[in-house]
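The values are calculated or read from the model by the stated rules, or taken from the named source; none is laboratory data. Note that the structure is a prediction, hence the values are computed from the model and not measured. Note that we place each Cβ from the backbone using ideal geometry, even for glycine, and neighbour counts take in every protein chain shown. These area figures cover heavy atoms from the full protein model, side chains too; ligands, DNA and RNA do not enter into them. Shrake-Rupley method; radii C 1.70, N 1.55, O 1.52, S 1.80 Å.
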Amino acid sequence: MMNGTELANQSPPYEDVDLFGSDRPLQDAVASNAGGDATEALAAFGRRWGAAAMFELGRQANAHPPQLEVLDPQLLNADGFRRDTVEFHPAYHDLMTESVAEGLSSSTWSADATAAPPPAQVLRAARFYMAAQVETGHLCPLTMTRAAVAALAAEPKLAAMVVPKILMRRYDRRFAPWWEKEGVTLGMGMTERQGGTDVRTNTSKAVPAGEGYLITGHKWFMSAPMCDLFLVLAQAGGGLTCFLMPRFRPDGAVNALHFQRLKDKLGNRSNASSEVEFADTFAWRLGEEGRGVRTIIQMVQLTRLDCAIASAGLMRMALAQALHHARHRIVFQKHLVDQPMMASVLADMALETEAAIALALRLCRSFDLAATDPGEAARARLLTPAVKFWICKRAPAFVYEAMECLGGNGYVEESLLPRLYREAPVNAIWEGSGNVMALDVLRALAQEGAQAVLAALAEDAAGLPGVREARVLIGQALSAGEAQARLAVERLALLAAAAALRASAPAAVAELFARTRLGGPRGVMLGTSDMKPAEVDALLARALPA
Ligand SMILES: Cc1cc2nc3c(=O)[nH]c(=O)nc-3n(C[C@H](O)[C@H](O)[C@H](O)COP(=O)(O)OP(=O)(O)OC[C@H]3O[C@@H](n4cnc5c(N)ncnc54)[C@H](O)[C@@H]3O)c2cc1C
């Protein structure tokens, strides 16, 4: 009772849930990508991250965004009274501690900076997907840290010093030289005022000095500024070059990373994104001069993969919230989930979420096998931008639809939906925006092995409705050039999703996805797929046990 009014017909909070045990599509996708042996460990992770206390950490970390401390009257360092540190809420540090300990920033690597054996990518992705359902902002430095190892491999001596600190699985929040810390995190600075996509326009300059270089210039976006080291692009004598810039110089002095301000962002509030200026800032070179893009691109493929996984996680949590609510809320004497039109909306969302995680984990399997199987390497190359394009672009509209399922409650800050909604667009924008992903697919298609990947996808999905037509359409749209590239890339992602579902989900789910996404008529909105009641029930039961 509240103020004499019975508190009736409100759904209970969706918390203290098992994020793995309650997610059949995730379990199936893990198993079909060679991760079945880790079921118990993933279930333990799912229970821990589904606890009310973890959701509360996520709430607090976003309710109290990081603060920039530019100056400090007490501390006098080499640059005068500058401090250039960022203070985070304790909840952010707690989330970082948990995620680093679980290997989210490291578990796909071995100590010598080579890839950890399969199914390391798949298992990490399953954990990343569950963590993203609870809080995504803190995943930014973890994504960058694990991806940076791919670029560090360009300088084995540096890698030998830094990678062991990443693999320690210890989050050390102290502002101290990286070599004194138990564990380190890495960020990256590529984007400048005049260009983010076109990094060749970078104006930051690097001049050789002693064991490294001194860099002068700026970065317009540099997230997670309390990382210990950053991969930075700058112009050296031989052209655009990749560097590793530490927060502390080798002599122990604070390096000159002068943060101008933190971005006031739509979402992603728990994470800090800075504008920064460099003034003779020390850095080591990574790779040869002039090969900066080639060096850093190794990292970017992995961050793009994480964008897709995280967006799939946002979709999953939005679906779970919507379905949970619809099973409790009664409107016109019936639970919402039993109203045919609401059931259609939820089932369409369940189908799309199932496709997203099946697709993402199948792509992780390609990353797992890439070192030994050129066909899987070509698959990873071609599909990473296509999968990022499709999943990350689906997420905002998807989360909005879930919000509407909760009615007015979905729009107010006490529910999780506003945070998920604000978070959703960023994965499409950073690490290569939509058009850039589509252009990258065009580039990848011209490379060796790409046509064989297309043929393999069609083979994997053979017999499903619309597969042959999709193949033809992809070819036609591709030959039409850039202007039609989005259409081709969207179809490519849908075809790959149908193929992934064929391998991981019951036959009826793959059939339904192909029928409603590749074949047959369907509207633009969620809830416009033609499904039979039994198909709807089966999808919802798989999505979340009642
Ligand atoms: C929250 C947040 C955090 C970030 N953190 C970092 C970070 O840590 N480090 C970092 O380096 N950067 C970071 N970024 C920057 C981000 O990666 C860039 O914003 C992104 O790469 C796009 O670059 P831009 O903003 O310069 O846009 P532009 O390059 O100007 O692109 C604008 C639009 O044009 C499109 N476009 C570009 N080229 C073409 C073309 N040839 N044909 C058709 N369309 C095209 C793009 O798809 C995009 O939609 C962050 C951004 C955000 C929002």
**Fill in**
When the charge dipole of segment 421-546 is computed with +1 on Lys and Arg Cβ and -1 on Asp and Glu Cβ about the Cα centre, the Cα farthest towards its positive end, among A455, S529, L518, belongs to S529
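Name the shape class, rounded, prolate or oblate, that the alpha-carbon gyration tensor gives for segment 57-193, where a ≥ b ≥ c are the square roots of its eigenvalues, rounded holds for a/c under 1.5, and otherwise prolate holds if a/b is larger than b/c and oblate otherwise.
Values: a/c = 2.08, a/b = 1.28, b/c = 1.63.
Since a/c reaches 1.5 but b/c is at least a/b, the shape of segment 57-193 is classed as oblate.
Please state the shape class of segment 434-513: rounded when a/c is under 1.5, otherwise prolate if a/b exceeds b/c and oblate if not, all from the C-alpha gyration tensor.
In terms of gyration-tensor shape, prolate.
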**Fill in**
Over all directions, segment 388-491 yields a Cα convex hull whose mean projected area in nm² is 8.2 nm²
**Item:** Alpha carbon centroid spacing (whole Å) that separates segment 113-129 from segment 384-411
**Value:** 26 Å
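Roughly how big is the chain's charge dipole about its Cα centre, with Cβ charges of +1 (Lys, Arg) and -1 (Asp, Glu), in debye to the nearest 20? All intermediate terms of the calculation are to be shown ahead of the outcome.
Details: 54 positive and 59 negative charges, 151 e Å.
Dipole about the Cα centre, nearest 20: 720 debye.
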**Request:** Return the subset of K181/K265; K219/K265; K388/K532; K157/K219 for which the Cα-Cα distance in this structure is over 21 Å, preserving the input order.
**Result:** K181/K265; K388/K532; K157/K219
**Item:** Theoretical ellipticity at 222 nm over the chain - DSSP helices of four or more residues, -39500 (n - 2.57) apiece, nearest 500
**Value:** -16000 deg cm²/dmol
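Using only Cα atoms, what is the ratio of the radius of gyration of segment 289-398 to 2.2 N^0.38 Å? Display every interim value, and only then the final one.
Values: Rg = 18.5 Å, N = 110, 2.2 N^0.38 = 13.1 Å.
My calculation over the Cα atoms of segment 289-398 gives 1.41.
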**Prompt:** Of F367, F55, F20, which is farthest on the positive side of the dipole of the chain, counting Cα position, with +1 on Lys and Arg Cβ, -1 on Asp and Glu Cβ, and the Cα centre as origin?
**Reply:** F367
**Asked** In whole Å, how far is the Cα centre of segment 206-280 from that of segment 142-178?
**Response** 16 Å
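About its Cα centre, how strong a charge dipole does segment 225-299 have in debye, to the nearest 20, once Lys and Arg get +1 and Asp and Glu get -1 at the Cβ? Walk me through the numbers before you get to the answer.
Values: 9 positive and 8 negative charges, 58 e Å.
Charge dipole of segment 225-299: 280 debye, to the nearest 20.
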**Fill in**
Taking only the Cα positions of the chain, the convex hull volume per residue in Å³ is 146 Å³
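Got a number for carbon plus sulfur as a percent of the chain's accessible area, 1.4 Å probe?
Numbers: 11910 of 21810 Å².
Of all accessible area on the chain, carbon and sulfur atoms account for 55 percent.
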**Pairwise centroid distance, computed over Cα atoms, of segment 478-498 with segment 25-67, Å** = 32 Å
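Taking the Cα centre of segment 68-195 as origin, work out the dipole magnitude from +1 charges on Lys and Arg Cβ and -1 charges on Asp and Glu Cβ, in debye rounded to 20. If you can, show how the numbers build up before the last one.
Details: 13 positive and 15 negative charges, 65 e Å.
Rounded to the nearest 20 debye, it is 320 debye.
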**Prompt:** Which whole DSSP H helices in the chain pass both tests: a Cα extent of 27 Å or more along the axis and a mean Kyte-Doolittle value no lower than 0.0?
**Reply:** 292-328, 340-369, 374-405, 485-504
